[in-house]
Structures are given as structure tokens and as C-alpha cells.
Amino acid sequence: QVRLVESGGGLVQAGDSLRLSCAASGRTFSSYPTAWFRQAPGKEREFVAYIGWSAISTSYADSVKGRFTISRDNAKNTVYLQMNSLKPEDTAVYSCAAGPKPDGSGRGGYAYWGQGTQVTVSS
């Protein structure tokens, strides 16, 4: 079974950067579309970014477009989320998700989820 483990979260100030990692086990992970989501206390889970298996196709939520970059290194079975110019409103638990057949937009339908990593941005 595929296991996803996020890391890289922490406490930072507004304007700082973080790079989150999603490390996966499983022989087929490199072929799975993958996405990052986040969830703040009291809020619904929110889509952040998507990357296709080939890394050619990417998509971002409007709230992070231009600041966040999703990438993957299939040789390392790892997907990254580079977060620049962080804002207090970016504070949330960030989770990665992957699966063989997400929905057409890449915003749902994932079979595997990590436990999440906390990102806290102070003003």
C-alpha cells in the first residue's frame, strides 16, 4: 500500500519561505498524479496545487498562484511544494494526496493521503 509522509512544516514569519516534501513508498507512486491540500482550524480542506505524473501538467489555487511551486522527483519518490512569500492566511495543516485516477481537475478523487504537516505563518 502506498504511504505518504509530509515534512518541512514549521513556524515562520510573513514573507519567509518553506519547502514541503511528500515522500512516498510504493512502486507506482512515480506514475500517480499528486496534489497538496491544506486545512485551517474550523475551515474545510482546500486545494492548493496539483502535478501530473509527468510533471508537465500543474495547477494552483488562485490564492497561492505565483507564490507556490509544486514539483516532483520521481527518482526519489518525492513531491515538493515550494512556498514563497508566505502570508498569515497560509497557516494550515498541509497534506499531500496521490492516486491513479483523480478527477479531471486534479482537485479530488485521490486514493492515498498523508497525515499532514503544520505550517504556521506569523505576521
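Just so you know, all these numbers are worked out from the coordinates, no wet-lab data involved. Treat the numbers as computed from the prediction; the structure is a model and nothing was measured. Please note: Cβ atoms are built from the backbone with ideal geometry, for glycine as well, and neighbour counts cover all protein chains shown.
For region 75-123, count the residues as N, evaluate 2.2 N^0.38 Å, and divide the Cα radius of gyration by that value, please. All intermediate terms of the calculation are to be shown ahead of the outcome.
Details: Rg = 13.2 Å, N = 49, 2.2 N^0.38 = 9.7 Å.
For region 75-123, the normalised Cα radius of gyration comes out at 1.37.
Out of residues 5 or more away from G108 or on other chains, whose amide H comes under 5 Å of its own, with H placed 1.01 Å from N in the peptide plane?
Answer set, sorted by chain and number: D103.
How are the alpha carbon pair distances in the chain distributed across 10 Å bins from zero to the largest one, expressed in percent?
For the chain, the pair-distance distribution reads 15, 51, 30, 5, 0.
Give me the lysines in straight-line cross-link reach of K65: C-alpha distance below 23 Å, same-chain residues under 8 apart excluded.
Filter leaves K43, K87.
Give me the dipole magnitude in Debye, nearest 20, for region 1-87 about the Cα centre, with unit charges on the beta carbon: positive for Lys and Arg, negative for Asp and Glu.
With Lys and Arg at +1 and Asp and Glu at -1, about 100 debye.
Looking at the P(r) of region 1-65, how many percent of alpha-carbon pairs lie beyond 15 Å? Kindly include the intermediate steps, with their values, before the conclusion.
On the way: 1339 of 2080 pairs.
When every Cα pair of region 1-65 is considered, 64 percent fall beyond 15 Å.
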